[in-house]
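Below: one structure, written as structure tokens.
The values are calculated or read from the model by the stated rules, or taken from the named source; none is laboratory data. Here the structure is a predicted model, which means the values were calculated and not measured. Neighbour counts run over all protein chains shown; Cβ positions are idealised from the backbone, glycine included. When the accessible area is computed, the model is the full protein with side chains, heavy atoms only, and any ligands, DNA or RNA have been set aside. Shrake-Rupley method; radii C 1.70, N 1.55, O 1.52, S 1.80 Å.
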Amino acid sequence: MAQPKIEIYTLEWCPYCRRTKAFFKSKDLSYEEYDIADEKNKQEMQERSGGEKTVPQIFIDGENIGGYDELIKLKSSDEMQEIWGMAESDFHEELWDVIIIGAGPAGLSAAIYAARKGLKVLVLAVAIGGQVIETDMIDNYIGIPDTDGQTLIKSFWDHMDKYEVRAELGEKVVDIVCADEKVVEAGQQVDEKAGKKTGEKEKGNEVDQGWEKEEANVNAKNIFKLKLADDRTVRAKSLIVASGTKKRELGVPGENKFKNSGVYYCAICDGFLYAGEDVAVVGGGNSGLEAALDLAKLDCQVSLIETNDHLQGDNVLQEQVLSRDSIKVFYSCRVKEILGDEQVKEIKVRDKDTGEINTIQVAAVFVEIGLTPNVGFIYDLVATNSRDEIIIDKKNKTDVRGIWAAGDVTDIEAKQIIIATAEGALAALEVNKYLNEI
């Protein structure tokens, strides 16, 4: 079957555009790319998509399927082969030495180290890069000064690509089961045993609520059976969980209604589309301060909403924000509601000290209030702390034999790129020792 025509409207610095292109490349699918920094391409995109402002916008054989999230949903549906002409991948038929869940710094580093030890490695991830790919300025990764997240992640990916690593993007793990090795390898029915039903403690990730399990025998020599969003399963002798984090949501009225119609979680991705307009940034930590500065560079008038009576980010970022006339900081304030018609028009903000509610007119709201670990698929199988981070020891082991974790999904205190890469390497070396012993 001939490959369909794939067209992508992008921006050079858009992380989700980079993820989209990496996904198609990983599937050996070619595409045509149109940069909407060119006003002609921007107008064409909006005409073809019915007025959509966000990028990427993906067209398959002339039909608009939406952005990256819609692409992944389509990939997990039965329409994949029919629309794309893609053959079903065979990676689920193998028994892997190690499956690495996540393709950020920790996952890619783990893949390189595991491959160099001669292990049979599979990387599964919804997208490349984790949160790092959304970072505009990186100047603390030793040996690579003055870089950005997209450039750094590309260098990690290209390095990994030198080795025999099977990497499958667009794959979402929704559940994990520990199984008796001899049952699996004998080709008999798998005796699934792994904790309580994952959905009972689910923290926001989609899972199949019907996959019942019994208590895990964590002292046994485990084989792990991973269930994917499209109901396929894949098996491994060991796991490294490097699934990272996701953006925390406000949880206020109007947020869900206006997602991608004025409510966004990535100023680098979508701020360009609101150049010169009044916008709000919620969050006074590093990511919120960076977002406010990025938007100010686009001639936006920025209302920065911070719940505390002072900003939380690095001093150098605070100084830059406070020196900008185009950024107004609202201290001790909390967003109560997002309002509009088809697009965001205003937000209601409550002053925590006085109780007064003010209305701020904005065209878009960029939410930067922190991150939460991606652990829904494994939440009941391994121990987590009060912040839902996976608890690990000094060798990155979890409390389940055969499972390691690395990067920002764990309870390590310092969430830094260089530490995540080191943790991924350590986890891979420990996996190699484990596989040599069993």
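Only one entry of Gly118, Gly104, Gly143 meets the criterion of being in contact (Cβ under 8 Å) with a residue 24 or more places away in the chain and not acidic (Asp, Glu), and that entry is Gly104. Counting only residues that are out of contact with any helix residue (DSSP H, G or I) (no Cβ under 7 Å at 6 or more places or on another chain) and modelled with pLDDT of 90 or more, segment 1-16 holds 2 of them. Taken over segment 318-330, the criterion of being in a loop (DSSP other than H, G, I, E, B) and open to solvent by 40 Å² or more (accessible area, probe 1.4 Å) is satisfied by Ser323, Arg324, Asp325.
Residue check: is Asp399 under 24 Å from Ala414 (Cα atoms) and in contact with a strand residue (DSSP E or B) (Cβ under 6 Å, 6 or more places away or on another chain)?
no
Checking each residue in segment 90-103 for being open to solvent by less than 10 Å² (accessible area, probe 1.4 Å) and either part of a loop (DSSP other than H, G, I, E, B) or at pLDDT below 95 (or both) picks out only Phe91. Listed by position, the strands (runs of 3 or more DSSP E) contained in segment 331-378 that have at least 1 residues being closer than 30 Å to Ala420 by Cα and open to solvent by less than 20 Å² (accessible area, probe 1.4 Å) are 364-367, 371-373. Here Ala111, Ala115 are screened, and the one residue that is assigned to a helix (DSSP H, G or I), of a type in the set (A, V, I, L, M, F, W, C) and open to solvent by less than 10 Å² (accessible area, probe 1.4 Å) is Ala111. For segment 305-317, state whether one or more residues are open to solvent by less than 10 Å² (accessible area, probe 1.4 Å), closer than 20 Å to Phe258 by Cβ and at pLDDT 95 or above. Yes, segment 305-317 has at least one match. Being over 22 Å from His310 (Cα atoms), open to solvent by less than 50 Å² (accessible area, probe 1.4 Å), in contact (Cβ under 8 Å) with a residue 12 or more places away in the chain and not in a helix (DSSP H, G or I) is a property that Ile240 has.
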